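So the structure is just underneath, and the comments pick up after that.
The values are calculated or read from the model by the stated rules, or taken from the named source; none is laboratory data. No experiment lies behind these values; they were computed from the predicted model shown. Using ideal geometry, Cβ is built from the backbone for each residue, glycine included, and neighbour counts are taken over all protein chains shown. These accessible areas exclude ligands, DNA and RNA; they are computed on the full protein's heavy atoms, side chains included. Shrake-Rupley method; radii C 1.70, N 1.55, O 1.52, S 1.80 Å.
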Amino acid sequence: MKIILAAPRGFCAGVNMAIESLELTLRKFGPPVYVYHEIVHNQYVVRQFRDQGAIFVDHIQEVPEGSVLLFSAHGVSPEIRQAARDRNLNALDATCPLVTKVHLEAIKYAREGFTIVLIGHEGHDEVIGTMGEAPEAIILVEDEAAVDQLQVPEGAKLAYLTQTTLSVDDANRIIRRLRERFPEIQSPPKEDICYATQNRQEAVRLLSEDADVVVVLGSQNSSNSQRLRELARENGKTAFLVDGPEDLDASAFSQGQTVLITAGASAPESVVEATIDWLVQRYGATIETRQIREESVRFPLPKPLRSFAQSTQP
Ligand code: SF4
């Protein structure tokens, strides 16, 4: 068996920043630290932090007054920020700057009187947060059929935005349909699907050509991980999305196969390593890393944590 190890894979700059923010918040304030939604969509990461005293909540009302609260990488609506202020919470914000970029675009277009078509997945934390910036101005579409059914007021100015973790191909198809129906529709100068999503998808698109099976490490509620599995399947490959090797079925693999391994932006490298070990032990797999792109993006910590981070450096 041969393993092709895709690079880049795994943690992106937004996830690194969010995880470091929660580590520092726990050290600075001590447990419990409340986190609005999962800090990132990964079971291992969430479990580890739970063990250290993080409490993940879906409603601000669950957080006792005056507590320390961290907003997750996916961002929150102004309503949630206000609810945190109303409860006198010490709120810190680990929203990825590339999600904030989409929020700011929504605010700008709404102020200028645009109707905004947001391309995204209903119910995803990021989509809920973005829609909350201008609920009266945003219409969510998930696919081309929704574009066909879109009702917009006569003469309305239109703009579109996208969730950061979509399939590039799906988004392009939806955007094409939007442009066909509404040739005047505007969009931000720089696209919203983030660099990490694009790079991980590009790696799977290119490298899965040489693989029989694709293993994506990531949790089922991780949007960008789901897209990687979809992409591999669209390329005609057997593909699995698993949290770790314990979720793999040994009967799905055999000697002589080439297995592409990648990881979604919220999956830690430790689960990649555990999966490699699992395949090496069972099939004597050899490993070849293929790097299709370099990544050097880093995001700053939330302001209230920066001086603490410096003071804790050796
Ligand atoms: Fe930010 Fe992209 Fe990572 Fe999401 S996947 S946290 S948008 S860099």
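How much mean residue ellipticity at 222 nm does the chain get from its helices, if each DSSP H run of length 4 or more adds -39500 (n - 2.57) and you divide by all residues, to the nearest 500 deg cm²/dmol?
Theoretical 222 nm ellipticity from helices: -12500 deg cm²/dmol.
Quick one: if you stick a label point 7 Å off each Cα along the C-beta vector at residue 82 and residue 150, how many nm between them?
Label-label distance for residue 82 and residue 150, simple model: 2.8 nm.
Residue 191 to residue 286: extension gain in nm, 0.36 nm per residue of separation minus the Cα-Cα distance?
Gain in length upon complete extension: 30.4 nm.
Over the chain, with every protein chain in place, what whole percent of the accessible area is carbon and sulfur at 1.4 Å, could you tell me? Could the numbers behind the result be given before it?
Numbers: 6730 of 14410 Å².
So the carbon and sulfur contribution to the accessible surface is 47 percent.
Reachable lysines from residue 28, Cα under 30 Å, same-chain residues fewer than 8 places away excluded?
Leaving aside lysines fewer than 8 places away in the same chain, those within reach of residue 28 are 101, 303.
State, to one decimal in nm, how far the label point of residue 28 lies from the label point of residue 308, with both points 7 Å from Cα in the Cβ direction.
The two pseudo-label positions are separated by 0.4 nm.
In Å², what does the accessible area per residue of region 199-288 work out to with a 1.4 Å probe? Could the numbers behind the result be given before it?
Working: 3400 Å² over 90 residues.
So region 199-288 comes to 38 Å² accessible per residue, rounded to a whole number.
For the peptides 75-84, 125-134, what is the packing order when you average, over each peptide's residues, the other Cβ atoms within 10 Å and list the highest mean first?
Numbers: 75-84: 18.7, 125-134: 22.5.
Put in order of decreasing packing, that is 125-134, 75-84.
Local charge sum around residue 31 (other residues, Cβ-Cβ under 13 Å, Lys/Arg +1, Asp/Glu -1)? Display every interim value, and only then the final one.
Working: positive: 27, 28, 50; negative: 23, 51.
Residues near residue 31 contribute +1 overall.
Where the centroid of each part is defined by its Cα atoms, how far is region 6-81 from region 182-257 in Å?
With region 6-81 and region 182-257 each reduced to a Cα centre, they are spaced 25 Å.
Starting from the Cα of residue 136, step 7 Å toward the Cβ, then list every residue of region 86-113 with an amide N under 14 Å from that point.
110-113
With label points built 7 Å along Cα→Cβ from the Cα atoms of residue 48 and residue 298, find their separation and express it in nm.
Going from the residue 48 label point to the residue 298 one covers 1.9 nm.
Pulled fully out, how much extra length does the chain show between residue 111 and residue 212, if you take 0.36 nm times their separation in residues and subtract their Cα-Cα distance?
Separation in residues times 0.36 nm, less the Cα-Cα distance, equals 31.4 nm.
Once you keep just the Cα pairs under 8 angstrom separated by 6 or more residues, what percentage relative contact order results for region 213-314?
28 percent
Highest mean first, what order results for 300-311, 112-123 on Cβ atoms within 10 Å?
112-123, 300-311
If 108, 237 are ordered by their accessible area, calculated over protein heavy atoms with a 1.4 Å probe, which sequence runs from highest to lowest?
108, 237
Taking the Cα centre of region 69-205 as origin and charging only Cβ (+1 Lys, Arg; -1 Asp, Glu), how large is the dipole, in debye to the nearest 20?
That gives a dipole near 380 debye.
Please give me the summed charge of the neighbours of residue 60: other residues whose Cβ is under 15 Å from its Cβ, Lys and Arg +1, Asp and Glu -1.
-4
Summing Lys, Arg as +1 and Asp, Glu as -1, what charge do residues with Cβ under 13 Å from the Cβ of residue 190 carry, residue 190 excluded?
-2
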